[in-house]
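What follows is a set of notes on a single structure, which appears directly below.
The values are calculated or read from the model by the stated rules, or taken from the named source; none is laboratory data. On a predicted model such as this, the values are computed, not experimentally measured, just so you know. Backbone-built Cβ (ideal geometry, glycine too); neighbour counts: all protein chains shown. To get the accessible areas, we keep the full protein, side chains included, count just its heavy atoms, and leave off ligands, DNA and RNA. Shrake-Rupley method; radii C 1.70, N 1.55, O 1.52, S 1.80 Å.
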Protein chains: 8
Amino acid sequence: MFWSVYLSGEVHTDWRDQIQAGAEAAGLDVTFAAPVTHHEASDDCGVAILGAESNKFWHDHKGAQVNAIRTRTLIEDADIVVVRFGEKYKQWNAAFDAGYAAALGKPIIIMHQDEHAHALKEVDAAALAVAKTPEQVVQILTYVIEGKLAGYTD
Amino acid sequence: MFWSVYLSGEVHTDWRDQIQAGAEAAGLDVTFAAPVTHHEASDDCGVAILGAESNKFWHDHKGAQVNAIRTRTLIEDADIVVVRFGEKYKQWNAAFDAGYAAALGKPIIIMHQDEHAHALKEVDAAALAVAKTPEQVVQILTYVIEGKLAGYTD
Amino acid sequence: MFWSVYLSGEVHTDWRDQIQAGAEAAGLDVTFAAPVTHHEASDDCGVAILGAESNKFWHDHKGAQVNAIRTRTLIEDADIVVVRFGEKYKQWNAAFDAGYAAALGKPIIIMHQDEHAHALKEVDAAALAVAKTPEQVVQILTYVIEGKLAGYTD
Amino acid sequence: MFWSVYLSGEVHTDWRDQIQAGAEAAGLDVTFAAPVTHHEASDDCGVAILGAESNKFWHDHKGAQVNAIRTRTLIEDADIVVVRFGEKYKQWNAAFDAGYAAALGKPIIIMHQDEHAHALKEVDAAALAVAKTPEQVVQILTYVIEGKLAGYTD
Amino acid sequence: MFWSVYLSGEVHTDWRDQIQAGAEAAGLDVTFAAPVTHHEASDDCGVAILGAESNKFWHDHKGAQVNAIRTRTLIEDADIVVVRFGEKYKQWNAAFDAGYAAALGKPIIIMHQDEHAHALKEVDAAALAVAKTPEQVVQILTYVIEGKLAGYTD
Amino acid sequence: MFWSVYLSGEVHTDWRDQIQAGAEAAGLDVTFAAPVTHHEASDDCGVAILGAESNKFWHDHKGAQVNAIRTRTLIEDADIVVVRFGEKYKQWNAAFDAGYAAALGKPIIIMHQDEHAHALKEVDAAALAVAKTPEQVVQILTYVIEGKLAGYTD
Amino acid sequence: MFWSVYLSGEVHTDWRDQIQAGAEAAGLDVTFAAPVTHHEASDDCGVAILGAESNKFWHDHKGAQVNAIRTRTLIEDADIVVVRFGEKYKQWNAAFDAGYAAALGKPIIIMHQDEHAHALKEVDAAALAVAKTPEQVVQILTYVIEGKLAGYTD
Amino acid sequence: MFWSVYLSGEVHTDWRDQIQAGAEAAGLDVTFAAPVTHHEASDDCGVAILGAESNKFWHDHKGAQVNAIRTRTLIEDADIVVVRFGEKYKQWNAAFDAGYAAALGKPIIIMHQDEHAHALKEVDAAALAVAKTPEQVVQILTYVIEGKLAGYTD
């Protein structure tokens, strides 16, 4: 089986690159997908393609709907959904994606630091793993996909 | 048809009471459901019933899972899901519920003030209505359930 | 079993009233649902409740989405979906409802006059009955729900 | 991920060719599917293969059902459904396809000119993008599949 | 829980009446549904309501589709589906109903005499009980619904 | 909302009676369902109704399938599934029910003593609560259904 | 898209070979699947592998269930299901497969001669095409998959 | 079609190797999947990757949830699920997997010795085959996938 993993959430650090590099180094049969992480493109895609809006609400709405074509399709196609919450911002779209994945029955891995543990308890409660670092996610994927756990040999 | 409406999100103001009072005044065939809104009970239900945890993470986890028995069942039973985002706090569980309802194909009404419009654009993009006040929600329910719109008579 | 029937489509004649009167006269265990048939209310409900839009497209969009809360819920709740195409107008929402009901696996009865038979052939092909008059629909419901067919006695 | 896109609707202009050419020029990982666009073959396929019908209604019915084997299968297989409404004709099958795709939860892109905006408001309300030109559709696909938006570079 | 049981198949003997009388005598919380068992009405309902057909195939087709509005709805609504195969006739609609119920995951009880056991082996293999008499079906329903088995007392 | 709760598992103690008495004392809007708990009837129902089998395997098989008509229907109808593992016996049907409920997405409460915690870790991992006593289950139901938690008042 | 077609029903003539040869000659992107058509193997597979049964009913039962592993999986995997009814035998498994495919929403092509039209009317009513010859099925597949209809050129 | 088979249950003997070797010798188009069978790695994966737990229950819980990412995904991806019950231990996770697969409608093959037949009767009742040896499973797969049964030639 070839696994597909969707990486949702925070777009300001290189955590996706770290996971992908780690998975490649581990030789995993996996493909990664993600939302468009170019912040301005993501905000403007609706009006840039379909025409300007004078009202900021509809500017945002058109962009968010075009992005939804990508994100909902990729989440539904994923075998595993990873959602990272960063230290800043509201990140409601990350929590939305987690809820969306949960209702579809997708195995979910949530990433966040301890400081957000209480605020994320309902989201964590829907996850099968709560991690802090990209390295942990790579280790989970290595275990789940290849059955290998460092330090445990036959 | 008897409609069921789930009221998710912010628990610090009386918006649920206002909607229910308005719906009752309008004589709508509707029942409302909601998460447990007693903040301390919601936080402690897991350990209070199932035994204390020394680790705060598991304290939270047990509570969040017990709450999930209620919230997921009621969202799945709902015909319409209303999610209100307040002015404060992360409210990731509200966004999680919105995503959960969206993946189930539930009609969603999102409530928030203008200041959060940009941060909530992906959530709004999954909604069939974006409202600001409980009165607007009552008007939507009156229109949707009874087909009545103030000022429009036969 | 108590049957629910959704009556979609044309809003300019009294065909719904005729079907309901006929079903009542026949004493059928059935409830009927329909979109809001007040044309102006249906067009304006979005902006009347949620605020005016200077752009006509968004005026229409807000209204159509509020109506969708009602129509999609009632179609999903229906045991049988009847869709009538009148003699005039594009009526794309009627065809949309028929497609929506078809994908949900609902039994569909289409009503139209002969002149539209060719243009509606794909829609008719998804139906279990193609009728011309409200009286025929009442007879179908009487047969389907009560098992009674005029002229056929034990 | 390899994306599949279904192009439903109007069959009198070369909009499908334009989208496919544009997608090929952009090097997208995408395959396109469509109904049979040969008008006479589409009308006659039922009787040509399965035997003539003296009654025009059943002539149409047999053809529409044979076409449905193709169209329903391809819509269900699609990741994205594009539906174009032309300037002429009733095009009820296009609206039917849009409703069918909507009930399946497919991301939908609707194409039409401004003159049909009001009549198509319920259909547009179920879409994630409303476009006017094939070029816009290619830009959406390029953004959704490749994450690239003209003018927005890293 | 109030149970609904669909009684499909053979229409020439009074097996349905026997099951209903037995269930009533046992005081079970159950409602029974069935296809229209008036043979001529069932054959002619399509043309009687929707207009005559010169071609016998379409005469049958219209009737079979009108009957399908009833039968598919009631099978989908049923908690248990009972299908009786009589001694005579092809009874392909009975086997069709069994397959339909099986794909929906409904618990199935098949009724037939020993002589048909080999020919019905694929159908029996999808059933949770294979009975010969109405009395056995009543006993199964009494056990399943009330938990009572004659001769086994606390 | 009226809640239905299925009580699966161990049949040798009166834990079901305790839960039902507690729920009644708490005035909860809930109905309980369970497998047939009469051990001999449960073993023999198949052959007692449908005829004796000389081979013990088929004796068991007929009984297990008749019981499945009841248990699968009631689990699918349940809002919450409680599974209790006793101190003795293999109880594979209890674990089977837990897996069945998990795949259906039902909220699950598992009951067992500490000694079985390690052996049940995969089952517990699919649950939203792990309890030891009937009283805890009553408290969970009281909290989930009524929102009341002893010691937490407004 | 690569199409998969399941060929259910009659096993005494070479209709499957004719369809496959025709599809190959037409160069269609299609794979065919079928039940095991070796009559004795199909009857005996259960006992030959899993041990003899003295009771003929269980001999048949074991075989029918082993065959079901193959047939249900392949029907669920199919894009199109073709079911041929021959001139002889009860063929209840063919009708069962048609019902099974219908409930899954698969496009169905039924093959039979005129003499069985009335007895198969409920089965035909669930089909999108009713054919008599393997050549017609090949023509349908050619049209549906390739969009080509003999005699209709651009 | 390329078949995927999930091998659940007992991890102390080499039955999986025997089945895979047999399938390879038979040249079957099949891939096998399984839980992680390294006992210690399976127990410790949660804490080894995500951090130690002082409480054994949460140690087990974290591990069981990480394993669930693998096992649930692979069961859902499988065409056939084989579950072997060994002679020792509780093996509740095996029965859980069988119930999970049953609710998903997967064809199930159960493997166990005669001594467990009565205790496993509810699990067997959900299976399409009950086998004792790896060789029997290989024969079933050979028959189901290739249609070949030893001793039955054309």
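If contacts are Cα pairs under 8 angstrom and at least 6 residues apart, what is the relative contact order of segment E:54-124 in percent?
For segment E:54-124, the relative contact order is 31 percent.
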Dividing the alpha-carbon radius of gyration of segment G:65-154 by 2.2 N^0.38 Å, where N counts its residues, gives 1.16
For segment F:23-67 and segment G:112-136, what is the separation of their C-alpha centers, rounded to whole Å? 43 Å
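Would you calculate, for chain F, the mean residue ellipticity at 222 nm contributed by helices, counting each DSSP H stretch of 4 or more residues as -39,500 (n - 2.57) and dividing by all residues, to the nearest 500? Display every interim value, and only then the final one.
Details: 6 runs with 69 residues, N = 154.
Calculated at 222 nm, the ellipticity per residue is -13500 deg cm²/dmol.
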What does the average come to when, for each residue of peptide A:136-146, you count the partner chain Cβ atoms lying within 10 Å of its Cβ? 4
List, in order, the whole-Hz ³J(HN,Hα) value for each residue of segment F:120-128 obtained from phi through the Karplus relation with A = 6.51, B = -1.76, C = 1.60 and θ = phi - 60°; use x for Gly and Pro. 9, 5, 5, 6, 4, 5, 9, 9, 9
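Normalised by the residues of chain C, what does the relative contact order come to in percent, with Cα pairs under 8 Å and at least six apart? Walk me through the intermediate numbers first.
Numbers: 207 pairs, mean separation 41.0, N = 154.
The value is 27 percent.
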Taking only the Cα positions of segment F:110-153, the convex hull volume per residue in Å³ is 74 Å³
Any idea of H:GLU122's accessible area? Nearest 10 Å², probe 1.4 Å. 40 Å²
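Net charge near G:GLY63, counting Lys/Arg +1 and Asp/Glu -1 over other residues with Cβ under 9 Å of its Cβ? If you can, show how the numbers build up before the last one.
Numbers: positive: E:LYS121, G:LYS62; negative: G:ASP43, G:ASP44, G:ASP60.
Once all neighbours under 9 Å are counted, the net charge is -1.
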Using a simple spin-label model with points 7 Å from Cα along the Cα→Cβ vector, what separation in nm is obtained for D:MET1 and F:HIS118? 4.2 nm
Structure shown: which of F:LYS88/H:LYS62; D:LYS90/G:LYS148; E:LYS106/H:LYS121 lie over 23 Å apart, alpha-carbon to alpha-carbon? F:LYS88/H:LYS62; D:LYS90/G:LYS148
By the DSSP-based rule, helices of chain A that are at least 24 Å long along the axis (C-alpha) and have a mean Kyte score of at least -1.0 are A:56-77
Using a Debye calculation, one point per C-alpha and no hydration shell, please list log10 I(q)/I(0) for chain E at q = 0.15, 0.17, 0.19 Å⁻¹ in order. -0.81, -1.00, -1.20
Share of Cα-Cα pairs in segment B:1-75 beyond 17 Å, whole percent, is 54 percent
Taking H placed 1.01 Å from N in the peptide plane, check which residues at least 5 places from F:SER8 or on another chain put their amide H under 5 Å from its amide H. F:VAL82, F:VAL83, F:ARG84
By the scheme Lys and Arg +1, Asp and Glu -1, what is the net charge of all other residues having a beta-carbon under 15 Å from that of B:ALA21? -3
Inter-chain shielding of A:114-121 (mean C-beta neighbours from other protein chains, 10 Å cut-off): 5
For A:24-36, what's the mean count of beta carbons from other chains sitting within 10 Å of each residue's beta carbon? 1
From the P(r) of the protein assembly as shown, could you give the percentage of C-alpha pairs in the tail past 52 Å? 22 percent
FRET efficiency, C:ASP14 to E:GLU40 (Cβ-Cβ, R0 45 Å, nearest 0.05): 0.85
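All other residues with a Cβ under 15 Å from the Cβ of D:ILE109 taken together, and with Lys, Arg as +1 and Asp, Glu as -1, what is their net charge?
Working: positive: A:LYS62, A:ARG70, A:ARG72, D:ARG16, D:ARG84, D:LYS106, D:LYS132; negative: D:GLU10, D:ASP79, D:ASP97, D:ASP124, D:GLU135.
Summing Lys/Arg as +1 and Asp/Glu as -1 gives +2.
List the chymotrypsin sites (Phe, Trp or Tyr not before Pro) within segment B:1-65 that fall in a DSSP loop (any state other than H, G, I, E or B) and whose Cβ has at most 16 other Cβ atoms within 10 Å.
Working: sites: B:PHE2, B:TRP3, B:TYR6, B:TRP15, B:PHE32, B:PHE57, B:TRP58; in loops: B:PHE2.
For chymotrypsin sites (Phe, Trp or Tyr not before Pro) across segment B:1-65 that sit outside H, G, I, E and B with at most 16 neighbouring Cβ atoms in 10 Å, the list reads B:PHE2.
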By DSSP, what percent of the beta bridges with both residues in chain D are antiparallel, rounded to the nearest 5? 5 percent
With only alpha-carbon atoms counted, please give the Rg and Dmax of segment B:86-126, in Å. 10.1, 28
What is the percent of Cα-Cα separations in segment H:38-83 that go past 12 Å? 62 percent
Suppose every Lys and Arg Cβ carries +1 and every Asp and Glu Cβ carries -1, with no other charges. What dipole size does segment C:31-88 come out with about its Cα centre, to the nearest 20 debye? 80 debye
For F:ASP29 paired with F:LYS88, estimate the spin-label separation in nm (one decimal), with each label point 7 Å from Cα along the Cα-to-Cβ line. 4.2 nm
